């Protein structure tokens, strides 16, 4: 039963957040959605109390297959790989993203010894699809255990650069606020009492008229952590489609880049540190802001 009114495709997307908009559109086109007992199209209007029935096809089992693709490999040896992930790439296969992921590319590039996770081999931490930057990937079970333990012990270095809205009153600070799934919107995370411990340290690197470049250092690594914490400070990330304003700097998602990564090598014990500069649009936007050029517009 519908709890809201509006276009059918939008109502379904709002009421069933686990389904993507593209999935819903395919089901509507295939006649797999009924409105009050009749096959329906996406543009039809829904009223409060209308009966909506979805008959989606059985999901195809997810499988990570090797898929040759260009990878920006910053470092590699027999134990680990450090990859500079581009914005727009998903880290591992998931519903709605069965292929074209970083894992698909890694499987075509190398082998993973003794790691049994068939969907996420070697993945010890992730960054969002629309966040770019450095990821460490384990090639062996020994490396997997070591890197996972370092993350748990908070001994790894993870620094991000972000372009955010607003002018800061303080040049640096810390956000210590627990995170959990937003009880009002399953697609979002939120600061929730009793949620998972989350700490972000930030430093303002450059202040512009209406935006700032900040460095964020993660003490923990929760889903959407920087995005939620900066929004809580009333400095949401520019371009962020979930937590930012509609009027912002144009980009294919949030301006967030994992610029520095440091960890102890799993077998040699050597401390390794890597950096990667932000992608071209990020750097071009920074150059505009430094020159006093503000391309803010309504982006969605």
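Please give the number of the condition residue 59 fails out of (1) modelled with pLDDT under 85; (2) crowded, with 19+ Cβ neighbours inside 10 Å.
Only one criterion is unmet by residue 59, namely (2).
Taking residue 178 as the residue in question, decide whether it is under 19 Å from the mean Cα position of the chain (by Cα), without any contact (Cβ under 8 Å) to a residue 24 or more places away in the chain and either closer than 24 Å to residue 233 by Cβ or assigned by TED's automatic domain parsing to the domain that holds residue 282 (or both).
Details: under 19 Å from the mean Cα position of the chain (by Cα): yes; without any contact (Cβ under 8 Å) to a residue 24 or more places away in the chain: yes; either closer than 24 Å to residue 233 by Cβ or assigned by TED's automatic domain parsing to the domain that holds residue 282 (or both): yes.
So residue 178 fits the description; yes.
Looking at 229, 234, which one is closer than 30 Å to residue 143 by Cβ and either part of a strand (DSSP E or B) or modelled with pLDDT of 95 or more (or both)?
The conditions single out 229.
What's the total number of residues in region 59-98 that are assigned by TED's automatic domain parsing to the domain that holds residue 135, more than 25 Å from residue 281 (Cβ to Cβ) and part of a loop (DSSP other than H, G, I, E, B)?
Of the residues in that region, 6 qualify.
Residue 39 is checked against (1) at pLDDT 80 or above; (2) in the same structural domain as residue 156 (by TED's automatic domain parsing) and fails just one. What number does that condition carry?
Of (1) at pLDDT 80 or above; (2) in the same structural domain as residue 156 (by TED's automatic domain parsing), only one is false for residue 39: (2).
Have a look at 252, 287, 258 and point out the one that is crowded, with 16+ Cβ neighbours inside 10 Å and either assigned by TED's automatic domain parsing to the domain that holds residue 224 or outside any strand (DSSP E or B) (or both). Quick ask: steps written out before the conclusion?
Numbers: 252 fails: crowded, with 16+ Cβ neighbours inside 10 Å; 287 fails: crowded, with 16+ Cβ neighbours inside 10 Å.
That would be 258, the only listed residue that is crowded, with 16+ Cβ neighbours inside 10 Å and either assigned by TED's automatic domain parsing to the domain that holds residue 224 or outside any strand (DSSP E or B) (or both).
When you look at residue 114, is it closer than 30 Å to residue 268 by Cα, crowded, with 19+ Cβ neighbours inside 10 Å, more than 17 Å from the chain's Cα centre (by Cα) and modelled with pLDDT under 95, yes or no?
The answer is no for residue 114.
Would it be correct to say that residue 137 is farther than 30 Å from residue 192 by Cα, part of a strand (DSSP E or B) and touching a residue at least 40 places away in the same chain (Cβ under 8 Å)?
Working: farther than 30 Å from residue 192 by Cα: yes; part of a strand (DSSP E or B): yes; touching a residue at least 40 places away in the same chain (Cβ under 8 Å): yes.
For residue 137, the condition - farther than 30 Å from residue 192 by Cα, part of a strand (DSSP E or B) and touching a residue at least 40 places away in the same chain (Cβ under 8 Å) - is met.
The values are calculated or read from the model by the stated rules, or taken from the named source; none is laboratory data. Just so we're clear, the structure is a prediction, and the values are computed from it rather than from any experiment. With ideal geometry, Cβ positions are generated from the backbone for all residues, glycine too; neighbour counts draw on all protein chains shown.
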